[in-house]
Amino acid sequence: MPDTPTPSTPPGLFSRGAIGFWFLGLGLLGLVRSWMRATRHGPFDADAITLLWLIGSILLTLMGALRIWRAWREGRPPRG
């Protein structure tokens, strides 16, 4: 069985931080959805379900941004 060649270039940010981009996208969609639900009948009026959705979306967005930031830091060349 032939060996697979190793790639000559390191993986890019999109492949290293794929799960982070996934979480970030889902979190942003959740934020839009919770905003739509909270402002359905005019001014901002959030019930318990909407607040849980909003908090979960914020946490998911932050987790995605953190994973992307870590992937970006791992891919940078070392200083000095």
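Report yes if some residue within the range 64-71 is open to solvent by less than 100 Å² (accessible area, probe 1.4 Å), touching a Ser or Thr at 6+ places or on another chain (Cβ under 6 Å), basic (Lys, Arg) and part of a helix (DSSP H, G or I); otherwise report no.
Scanning the range 64-71 turns up no residue that is open to solvent by less than 100 Å² (accessible area, probe 1.4 Å), touching a Ser or Thr at 6+ places or on another chain (Cβ under 6 Å), basic (Lys, Arg) and part of a helix (DSSP H, G or I).
When the range 34-58 is examined, which residues are found to be open to solvent by 80 Å² or more (accessible area, probe 1.4 Å) and touching a helix residue (DSSP H, G or I) at 6+ places or on another chain (Cβ under 7 Å)?
Phe44, Asp45, Trp53 - these are the residues of the range 34-58 that are open to solvent by 80 Å² or more (accessible area, probe 1.4 Å) and touching a helix residue (DSSP H, G or I) at 6+ places or on another chain (Cβ under 7 Å).
Scan the range 1-53 for residues that are more than 14 Å from Ala65 (Cα to Cα), among the aromatic types (Phe, Trp, Tyr) and not in a loop (DSSP other than H, G, I, E, B) and jot them down.
Trp35, Trp53
The values are calculated or read from the model by the stated rules, or taken from the named source; none is laboratory data. What you see is a predicted model, and the numbers here were worked out from it, not measured in a lab. With ideal geometry, Cβ positions are generated from the backbone for all residues, glycine too; neighbour counts draw on all protein chains shown. Quick note on the areas: whole protein, heavy atoms, side chains included, nothing else; ligands and nucleic acids left out. Shrake-Rupley method; radii C 1.70, N 1.55, O 1.52, S 1.80 Å.
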